[in-house]
Every structure is written in structure tokens, then in C-alpha cells.
Amino acid sequence: MRWVQSLNWWGKRSVGKINSRSKGARYERELARYLSENGFPDSRRGQQFSGGSDSPDVVSDFPFHIEAKHVQALNLYAAMTQSIRDAGDKPPCVIHRKNNTESMFTCRLSDLVALLNKQQWKED
């Protein structure tokens, strides 16, 4: 958790948590931009009105449903459970990172193997 120090309306110093919602939104835009620049040109940040396959964090032709997390202490199993619940027809994944680190990708091994086998069949 990151804290900032600011002056409140009566001139006293106060300490508050940085808005995690805006931090998450920035990361979703960053992911969409990264995917757009790396082979998935129609990627964009999803509409964040409710969880579900109709409102993913990142809308893309990426082969996985993306649950994006930019947190220092990630509960990976809770994030993956959320992605599974919201995935719809796509296999679920969590793309995550901490401050000042590179992004990581987590998915179920069975989904990865199925995708790789499908891709290998297309290339033959």
C-alpha cells in the first residue's frame, strides 16, 4: 500500500492511500496499449461497470480473458477465481505486476497446453 502526504482544507498535513481504482485503470490502459503494439491491435480497456464476460478488464482478440491486477500483495488464487467466474467462452488468466517490476502472466496449465496444441495444429 502506498501513502501520500498532502494538506487538508484547514492546512494540516494528512496522509491518505493512493486511489487504487485509478492505479488499476492506468494498468489496464497500459496492458491494452502493450497488446495493441504486440500483435493484438484491437485491444482496449473494457467498460468497468460490473464483473462478467461482458465487461472484461481488457477487450482484445488475445486468446485469454484478462483479469488485470497492479498490486503489491496479490492474492493470486482470489484473482484467478475472479477471472474464472468472469471468463465466459475464453480461458481465464491474470496479468499482474508490482510497482517497478515487469508484468507476469498466470493461467491454468490445462488451458495453456490446449492453446499450444491448437496453435501447433494450425501451423502444420
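The values are calculated or read from the model by the stated rules, or taken from the named source; none is laboratory data. Because the structure is predicted, anything quoted here is derived from the model rather than measured. We place every Cβ from the backbone using ideal geometry, glycine too, and count neighbours over all the protein chains shown.
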Q) For Ala78, are the conditions met, namely being at pLDDT 90 or above, surrounded by 15 or more Cβ atoms within 10 Å (Cβ to Cβ), aliphatic (A, V, I, L, M) and not in a loop (DSSP other than H, G, I, E, B)? A) no
Q: Quick one: count up the residues across the range 68-124 that are without any contact (Cβ under 8 Å) to a residue 40 or more places away in the chain and touching an Asp or Glu at 6+ places or on another chain (Cβ under 6 Å).
A: 5
Q) Has the range 60-70 got at least one residue that is under 16 Å from Ile84 (Cβ atoms), at pLDDT 90 or above and either out of contact with any helix residue (DSSP H, G or I) (no Cβ under 9 Å at 6 or more places or on another chain) or not in a strand (DSSP E or B) (or both)? A) yes
Q.
Of all residues being in a strand (DSSP E or B) and under 20 Å from Ser22 (Cβ atoms) in the range 95-124, which is farthest from the chain's Cα centre (by Cα)? Just the residue, please.
A. Arg97
Q: Output the number of residues of the range 81-124 satisfying the condition of being surrounded by 10 or more Cβ atoms within 10 Å (Cβ to Cβ) and at positive phi.
A: 1
